[in-house]
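> Please see the structure below; I have some questions.
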Amino acid sequence: MRKLYQAIVNHPRSIITTFILAAVISLFCQSMVEVNYDIKDYLPEESPSTVALDKMEEEFEGGIPNARVMIRDVTVAEALEYKEQLSECTGVADVMWLDDAANVEQPLETIDEEVAETYYKDGNALFTVTVDENEILDAVDAMDAVVGDQGAMSGDAVSTAVATTSTVSEIYKIAAFAVLFVFFMLFLTTTSWAEPVIVMAGLGIAIAINAGTNLIFGEISFVTNAAGNILQLAVSLDYSVFLIHRFEECMRTTADPKEAMVDALCKSTSSILSSGLTTVIGFLALVFMQFRIGPDLGLALAKGVSFSLITVFVFMPDLILTMNGWMHKTHHRRLLPDFHRFGRGVRKVMIPMVAAFVVLIVPAYLASNSNTYYYGSSYIFGEDTELGQDTAEIEKTFGKNDTYALMVPAGDTEREQRLSDALHEIPEVTDIISYVDTVGAQIPEEYLDADTVARLISDDYSRMVITVDADAEGEAAFKLIENVRDTAEEYYPGEWYLAGAGVSTYDLMDTITADMVKVNLIAIAAVFVVLLLTMKSISLPVILVLAIETAVWINLSIPYFKDSTVFYISYLIISSIQLGATVDYAILTTERYMEFRQTMGKKDAITETIAAVTTSVLTSGSVLAVVGYLLGAISSHGILSQLGTFLGNGSLLSLTIVLFVLPGLLYLCDGLIQKTTLHTELYKENGKKQKKGSITCRPQEAEN
């Protein structure tokens, strides 16, 4: 490694130029990366609703209704005019209203009341709109121009459009606040006014390269787009700080800056790599999710941390050497106090903290697995947003309607009629638009206009558009979907396809709940193996993983005790992110403890460990927490907001356990650690060292 590092420090101009050029190119590439805001697109390709959607696109021009538009205070004639205007909007494939289900030329009193009030109630007209998935933004803008202040819109298409437009500006705001806070923390924790600028320059290069190379994926999810860059910033911050501080140490004994940098790189490689590797492994666990937002985020974050590591080992040494003179000129005294008094305070409370920790483990685990969840996108915008208010207003007037599209083989109108009759018997079904319902099984196709036939019948399939009085998700909605599927299976065994917002949410629930245990076990096992190999201990990985996993369980149990509903996507993702991003704090603390235990007793080692690591973990932990809380406070997207709140709470919980509980665990398990760790050499209270093998503990970098 020394020869490689010598080559790096001997070619500063070419390396710095290469990285800056790569970052500039990446900034241009970033603008070409598409962002997908539709959760349903990340369902597995083999899920029933995805297969149904693909099949329906092959057979029919119009897709699945994905928007509801309500116009207030209109007559039937005016409603028909609005329907015509909506139909002409860019990206609108189809608009359905009462005239598609009944003859509106006859008095409303003669129309079945349940059918009529599905579309027209108290002078308000409700249109079911199908928006082209590729033109959602244009279509929603055009519909908004038509309805103006007299209307309200809701549905997946509207939600996707709002998320697309609002999230972009929110991300920039979050990033700006996050960068300012990082600068603030670095100014507090470093001893040169130049260091924060150097650290942020390196981080900026790594983040820019990672964002640009996302082009290899073609598109990324809204979660990756919103959280990827700021998470990379938060979890990679320490690597550059470790290197700079090690370089300053080496400069005290080596006059030549280049040689000091090579020494610093050699001494900090193992500690930085072990921290980075556990983080990468934690993120890569998301790749094993069937729900494809997991792989999307996991690969992007793992790639980002990898680029951060490459930048630290290749770009940062030359940047630091180039700016070394400026660092010396801007040197200042330490702004933060010495943490030895804090270390002695931790030593006094660590045993009671361990007792409280042990008591909390089981309740936290049980509560974290007992939450109630939202699985889809129905509630991602709360009632404090315009979309949330529109949705609430539509539901207040017309109820929580959803629309399914059922496709069955064409040609047997008698069997279709029996299926339709059976579906009508389901209490939640309020209306069905199909060939046999709208036209009648007795009227031949050739007597109908081509547009009507094209909407309801293809060469091979007949389509039924089913309006149901149900939410898009929830226990009642999921039972209804199972009922509709069972009914279709009874009349067309293995030959039917069912799609719709609620159906996709049902499949989403099916998919991501199956992912939970698998992803967590993979993340825990992978981190455990990495720690086992790097620490050469059986007990230490158990202690560290248990400490951070308990922090995860406590974090995820908070909504249960607050009786609030959790977005399952946020719940699933945060488990791996919190483990991967905060286990570094535990590694740093443990390795420093093992280092101090070579020369001092247990109690003194605890005090010195806390004094040595507090600045580092406070810096990293507070940045991660603030980034999370910013995402939670600023984002109007429910999933992103909740993910941010989880991240903020989780960071502080991990920080608390590492600073107050882990020292007690290390103290109490000291004897066990000695017996189960290879090549260790610990100090005995009588002033001698106790040997186990021939070991040297690898010290982790800490802030001086």
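> Quick check: the angle from helix 413-424's long axis to the longest principal axis of the chain, C-alpha only, nearest 10 degrees?
60 degrees
> Now for a different question. For the stretch 308-360, go through all pairs of different Cα atoms, get the mean of 1/r, take its inverse, and jot down that Kirkwood value in Å.
Every distinct Cα pair counted, the radius reaches 15.4 Å.
> Next question, about the same structure. Where the centre of each part is set by its Cα atoms, how far does the stretch 295-355 sit from the stretch 146-199, in angstrom?
With the stretch 295-355 and the stretch 146-199 each reduced to a Cα centre, they are spaced 24 Å.
> Distance between Cα centroids, the stretch 630-659 to the stretch 508-555: provide it in whole Å.
Between the Cα centre of the stretch 630-659 and that of the stretch 508-555, the gap is 19 Å.
> Put +1 on the Cβ of every Lys and Arg and -1 on every Asp and Glu Cβ in the chain; which of Val158, Phe291, Leu647 then has its Cα farthest towards the positive end of the dipole?
Highest projection toward the positive end goes to Leu647.
> Per residue of the stretch 611-626, in order, report the coupling 6.51 cos²θ - 1.76 cosθ + 1.60 (Karplus, θ = phi - 60°) as ³J(HN,Hα) in whole Hz, putting x for Gly and Pro.
For the stretch 611-626, the Karplus curve yields 4, 7, 9, 4, 4, 5, 6, 5, 4, 5, x, 5, 5, 4, 5, 5 Hz.
> May I ask for the angle, rounded to the nearest 10°, between helix 136-147 and the longest principal axis of the chain, with both axes built from Cα atoms and the value confined to 0 to 90°?
On a 0 to 90 degree scale, this one is about 50.
> Just how large is the dipole of the stretch 277-345 about the Cα centre, in debye to the nearest 20, putting +1 at every Lys and Arg Cβ and -1 at every Asp and Glu Cβ?
Charge dipole, the stretch 277-345, about its Cα centre: 360 debye, nearest 20.
> Going by alpha carbons, how many degrees (0 to 90, nearest 10) lie between the helix axis of 195-213 and the longest principal axis of the chain?
The helix 195-213 is inclined about 40 degrees to the chain.
> On full extension of the chain, what length is gained from Ala514 through Leu678, given 0.36 nm per residue of separation minus the C-alpha to C-alpha distance?
Gain in length upon complete extension: 55.2 nm.
> Ok, one more. Based on alpha-carbon positions alone, could you give the equivalent ellipsoid semi-axes of the stretch 537-632 from the gyration tensor, as √(5λ), descending, whole Å?
Here the semi-axes work out to 30, 15, 11 Å.
> Would you work out which of Gly399, Leu498, Thr550 lies farthest towards the positive end of the dipole of the chain? Charges go on Cβ: Lys and Arg +1, Asp and Glu -1.
Thr550
> Something else now. Would you mind calculating the gained length between Ile310 and Asn134 on full extension (0.36 nm times residue separation, minus the Cα-Cα distance), in nm to one decimal?
59.6 nm
> Using alpha carbon centroids, what distance separates the stretch 261-286 and the stretch 575-613, in Å?
16 Å
> Calculate, for the chain, the solvent-accessible area per residue in square angstrom, rolling a 1.4 angstrom probe over the heavy atoms of the protein chains.
Each residue of the chain exposes 41 Å² on average to a 1.4 Å probe.
> Let me ask you something else. Taking amide H positions as placed 1.01 Å from N in the peptide plane, with prolines and chain starts having none, which residues 5 or more places from Met600, or on another chain, fall under 5 Å of its amide H?
Close amide H contacts, sequence-distant or interchain: Tyr683.
> Continuing with the same structure: Find the percent of Cα-Cα distances in the stretch 61-106 that exceed 16 Å, and round it to a whole number.
41 percent
> Using DSSP to call loops (not H, G, I, E or B), can you name the GluC sites (Glu not before Pro) in the stretch 477-524 whose Cβ has at most 16 other Cβ atoms within 10 angstrom?
Sites meeting the loop and neighbour criteria: Glu495.
> Return the tail of the calculated pair distribution for the stretch 130-229, meaning the percent of Cα-Cα pairs more than 15 Å apart.
So the portion of pairs separated by more than 15 Å is 73 percent.
> Name the residues whose placed amide hydrogens come within less than 5 Å of the amide hydrogen of Val566, ignoring near sequence neighbours (fewer than 5 apart) on the same chain.
Thr372, Tyr373, Tyr374
> Mind checking the dipole of the chain: about its Cα centre, +1 per Lys or Arg Cβ, -1 per Asp or Glu Cβ, Debye to the nearest 20?
8620 debye
> Only one of the listed values, (i) -0.24, -0.35, -0.48; (ii) -0.40, -0.53, -0.65; (iii) -0.31, -0.44, -0.57, was derived from the coordinates as log10 I(q)/I(0) by the Debye sum over Cα atoms at q = 0.05, 0.06, 0.07 Å⁻¹; which label is it?
(iii)
> Another one. So which of Lys55/Lys479; Lys396/Lys479; Lys173/Lys267; Lys173/Lys329; Lys303/Lys329 end up more than 27 Å apart, counting from Cα to Cα?
Too far apart for the 27 Å limit: Lys173/Lys267; Lys173/Lys329; Lys303/Lys329.
> Here's a follow-up. Would you kindly derive the ³J(HN,Hα) couplings of the stretch 659-668 from the backbone phi angles with the Karplus curve 6.51 cos²θ - 1.76 cosθ + 1.60 (θ = phi - 60°), listing them in order in whole Hz, with x for Gly and Pro?
Coupling constants for the stretch 659-668: 7, 10, 9, 4, x, x, 5, 5, 5, 5 Hz.
> ³J(HN,Hα) across the stretch 217-231 via Karplus (A = 6.51, B = -1.76, C = 1.60, θ = phi - 60°), whole Hz, x for Gly/Pro?
Values per residue, Gly and Pro as x: 7, x, 9, 10, 7, 4, 5, 5, 5, 7, 9, x, 5, 6, 5 Hz.
> Under a 5 Å amide H to amide H cut-off, with H placed in plane at 1.01 Å, what residues pair with Tyr120 once short-range neighbours are removed?
Placed amide hydrogens put Leu126 under 5 Å from Tyr120.
> Please give every one of the aspartates and glutamates within straight-line cross-link reach of Lys3, meaning a C-alpha to C-alpha distance under 14 Å, and leave out same-chain neighbours fewer than 8 residues apart.
Output for Lys3: Glu259, Asp263.
The values are calculated or read from the model by the stated rules, or taken from the named source; none is laboratory data. In this text, all values refer to a predicted model and were calculated from it rather than measured experimentally. As a convention, Cβ positions derive from the backbone with ideal geometry for all residues, glycine included, and neighbour counts pool all protein chains shown. The accessibility values were calculated without ligands, DNA or RNA, using every heavy atom of the protein model including side chains. Shrake-Rupley method; radii C 1.70, N 1.55, O 1.52, S 1.80 Å.
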